[in-house]
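Scroll down for the structure; my scribbles are underneath it.
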Amino acid sequence: MATWRPDPSFYPSPRMAAKAPKETLAYVAAFDPERRRPDAIAVVDVDPTSSSYSQIVGQVEMPNVGDELHHFGWNACSSCLCPNAPHPHVERRYLVVPGLRSSRLHIIDTKPDPRNPKIVRVIEPSEIAEKANYSRLHTTHCGPEGIYVNALADRDGKAPGGIFLLDHQSFDVLGQWEMDRGPQKLAYDFWWHLGHDAVITSEWGTPDTFENGLVPEVLLGSKYGRRLHFWDLHKRKHVQEIDFGEEHQLVFELRPAHDPTKAYGFVGCVISLKDLSASIWTWYRDGDQWAVKKVIEIPAEPADPDLLPPVLKGFSAVAPLVTDIDLSMDDRFLYVSCWGTGDMIQYDVSDPFVPKETGRVRIGGIVSRASHPKAKNGALNGGPQMVEISRDGKRVYFTNSLYGAIDPQFYPEGIDGWMVKLDVADSGGIAFDEKFFVDWPKGHRPHQVRLEGGDCSSDSYCYP
């Protein structure tokens, strides 16, 4: 939908976005791991002055079962103000919500009543397969000229996975993005440096290696994703591959610097086969090439095997399992979710090559089962997983479920969903908001969070 003036939630620079009004609502993907009831997008009240603060105040259910809602995004964002492909009169109004298992896309209108969103279009997997040859839809980002969606597999559920585009007004599938994919086969996350005409993609695996859970033989054989791929954004061509080495498995979430003059970013590696540690790497320009450097290593914690799930018993240790990261709008603080140990860690990354830990909280965890001041159950399970930051960097929200088939491998008793919020001190440091704890309704587990008006992983900018 076009407007006469640019959407007020669009900002030309991250500095201006950081001054945006506070969010009052959060949209949260919720899925049924048993695939018996429809998944949903829940609306959570995050306004501390509201009588319904920390409550689910709205919900839209999908028309089918078994979608496995995972990552989703807006139809339009601040990148629409970029000079190379300006679309300033598009409105941030629709959530583009893929089903990771079903390969179905849902277009959800958040207006006129943001607490009562409505599905206005469903794009079936057959249409996506016909027009783009992809399936298992994972992540969406609003770009300067349309909506980018990445997929983990081709139409037959095999490699290669890749990216396709939607028109951000009609939502029609335009087609496959890649002109020349080079050696890239596996897919997972993707992001870009718009000012440097660069796209970065990471890797997981093909559906046969994750839809029924992680496969130990694939993991120990170093057959999951371990590479970053760098692309020319406008030529849509692969230009470089970086292999992290056989030891490193599951190179996942990408978070580029928000400052468009900076050509660096962070990526998390879930696990090392050598010692179960997790790691954070910085990618950066080194002359006329891209390079990576490991800047954070988070060790596994020794544990009583009797307290561990079968997949970890033989190691007598809890793996941190870094499954998500997020970067504040000013590029100062990196938040790292340790889904295995239950830690959410804040690092000062003002120097992206020398991070310094500045805050840590623990909740849930395979062994710890740490609680929350507002939780009625004294032993929480799951751990920090999908994390989102407010545009001003003052609030951090996260949920505790990773993926339906993988949750029971590490939490065999099943995960009881929750969502929490942290308050951030000006100089660093994090603490739970003791009044914010969403005890998720049984039958659904919460996953990604999107904040009203945008957040730190939804928008990209072309001006510093």
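Can you tell me the FRET efficiency between residue 348 and residue 208 if r is taken as the Cβ-Cβ distance and R0 is 51 Å, rounded to the nearest 0.05? Write down the numbers at each step before the final one.
Numbers: r = 41 Å, r/R0 = 0.80.
The calculated FRET efficiency here is 0.80.
For the range 129-175, what is the relative contact order in percent, using Cα pairs closer than 8 Å and at least 6 residues apart in sequence? Provide the component values of the computation, followed by the final result.
Numbers: 101 pairs, mean separation 16.1, N = 47.
Relative contact order for the range 129-175 comes out at 34 percent.
Normalising by the residue count of the range 262-332, find the relative contact order in percent from Cα pairs under 8 Å and 6+ residues apart. The partial results should precede the final answer.
On the way: 126 pairs, mean separation 21.4, N = 71.
Once divided by the residue count of the range 262-332, the mean separation gives 30 percent.
Modelled label-to-label distance, residue 356 and residue 427, 7 Å Cα→beta-carbon offset: nm?
Going from the residue 356 label point to the residue 427 one covers 1.1 nm.
Grab the DSSP H runs of the chain that are 4 residues or longer, score each as -39,500 (n - 2.57), total them, divide by all residues and round the 222 nm result to the nearest 500 deg cm²/dmol.
On the way: 5 runs with 25 residues, N = 464.
One gets -1000 deg cm²/dmol as the mean residue ellipticity at 222 nm.
Could you pull out which residues in the range 332-358 have an amide N less than 20 Å from a spot 7 Å beyond the Cα of residue 15, following the Cα-Cβ vector?
332-333, 349-352
How would you classify the chain from its alpha-carbon gyration tensor, with a ≥ b ≥ c the square roots of the eigenvalues: rounded for a/c under 1.5, else prolate if a/b is greater than b/c, otherwise oblate?
On the way: a/c = 1.24, a/b = 1.11, b/c = 1.11.
In terms of gyration-tensor shape, rounded.
Taking 0.36 nm per residue of sequence separation and subtracting the Cα-Cα distance, how much length would be gained by fully extending the chain between residue 47 and residue 273, in nm to one decimal? Don't jump to the answer; show the numbers that get you there.
Working: separation 226, 0.36 × 226 = 81.36 nm, distance 4.29 nm.
Contour length minus Cα-Cα distance gives 77.1 nm.
Under 8 Å for C-alpha pairs, at least 6 residues apart: give me the relative contact order for the chain, rounded to a whole percent. Can you show the working numbers first?
Working: 1375 pairs, mean separation 65.5, N = 464.
In percent, rounded to a whole number, it is 14.
Using a 1.4 Å probe over the heavy atoms of the protein chains, calculate the carbon and sulfur portion of the accessible area of the chain as a whole percent. If you can, show how the numbers build up before the last one.
Values: 8330 of 16640 Å².
Carbon and sulfur atoms account for 50 percent of the accessible area of the chain.
What Cys residues in the chain are without a partner cysteine, judged by a Cβ distance under 4.7 Å?
80, 269, 338, 456, each lacking another Cys Cβ under 4.7 Å.
How much net charge surrounds residue 174 when only the other residues with a Cβ under 11 Å from the Cβ of residue 174 are counted, with Lys and Arg +1 and Asp and Glu -1? Could the numbers behind the result be given before it?
Details: positive: 131; negative: 145, 167, 172.
The answer is -2.
Distance between Cα centroids, the range 161-240 to the range 355-385: provide it in whole Å.
Between the Cα centre of the range 161-240 and that of the range 355-385, the gap is 32 Å.
Going down the list 274/356; 237/262; 158/442; 376/421; 374/442, which pairs span over 27 Å between their C-alpha atoms?
Numbers: 274/356 24 Å; 237/262 21 Å; 158/442 33 Å; 376/421 16 Å; 374/442 18 Å.
Beyond 27 Å between Cα atoms: 158/442.
Tally Lys/Arg at +1 and Asp/Glu at -1 over every other residue whose Cβ is under 13 Å from the Cβ of residue 48; what's the total? All intermediate terms of the calculation are to be shown ahead of the outcome.
Details: positive: 22, 394, 395, 421, 435; negative: 23, 45, 47, 423, 433, 434.
Summing Lys/Arg as +1 and Asp/Glu as -1 gives -1.
I need the phi-derived Karplus couplings for the range 304-315: 6.51 cos²θ - 1.76 cosθ + 1.60, θ = phi - 60°, integer Hz, Gly and Pro marked x.
Per residue, the Karplus-derived 3J(HN,Hα) values read 5, x, 5, 9, 9, x, x, 5, 10, 3, x, 9 Hz.
Sketch the reach of a paramagnetic label on residue 315 as a point 7 Å from Cα along Cα-to-Cβ, and name the residues of the range 405-434 whose backbone nitrogen lies under 14 Å away.
Counting only backbone N, you get 409-411.
Accessible area per residue, 1.4 Å probe, Å², for the range 93-186: what's the number? Could the numbers behind the result be given before it?
Numbers: 3300 Å² over 94 residues.
I get 35 Å² per residue for the range 93-186.
Within the range 1-97, report the chymotrypsin sites (Phe, Trp or Tyr not before Pro) that DSSP leaves as loop and that have at most 12 other Cβ atoms within 10 Å.
On the way: sites: 4, 10, 27, 31, 53, 72, 74, 94; in loops: 4, 10, 53, 72.
Sparse-neighbourhood loop chymotrypsin sites (Phe, Trp or Tyr not before Pro): 4.
Rounded, prolate or oblate: which one fits the range 74-149, using the alpha carbon gyration tensor with axes a ≥ b ≥ c (rounded when a/c is under 1.5, else prolate when a/b beats b/c, else oblate)?
Numbers: a/c = 2.50, a/b = 1.24, b/c = 2.02.
Oblate.
Give the distance, in whole Å, between the Cα centre of the range 70-86 and the Cα centre of the range 301-345.
Their Cα centres are 31 Å away from one another.
Relative to the present Cα-Cα distance, how much length would full extension add between residue 330 and residue 174 at 0.36 nm per residue of separation?
Gain in length upon complete extension: 52.8 nm.
With each pseudo-label sitting 7 Å past Cα toward Cβ, what's the residue 293-residue 222 distance in nm, one decimal?
In this crude spin-label approximation the distance works out to 2.4 nm.
Might you tell me the accessible area per residue for the range 302-357, computed with a 1.4 Å probe and given in Å²?
Per-residue value: 34 Å².
Quote to one decimal, in nm, the extra length available between residue 247 and residue 215 on full extension: 0.36 nm per residue of separation minus the C-alpha distance between them. Write down the numbers at each step before the final one.
Numbers: separation 32, 0.36 × 32 = 11.52 nm, distance 1.62 nm.
Length gained, residue 247 through residue 215: 9.9 nm.
The values are calculated or read from the model by the stated rules, or taken from the named source; none is laboratory data. Because the structure is a prediction, the values reported are computed rather than measured. Positions of Cβ are backbone-derived with ideal geometry, glycine not excepted, and every protein chain shown enters the neighbour counts. Note: areas computed on protein heavy atoms with side chains; ligands, DNA, RNA excluded. Shrake-Rupley method; radii C 1.70, N 1.55, O 1.52, S 1.80 Å.
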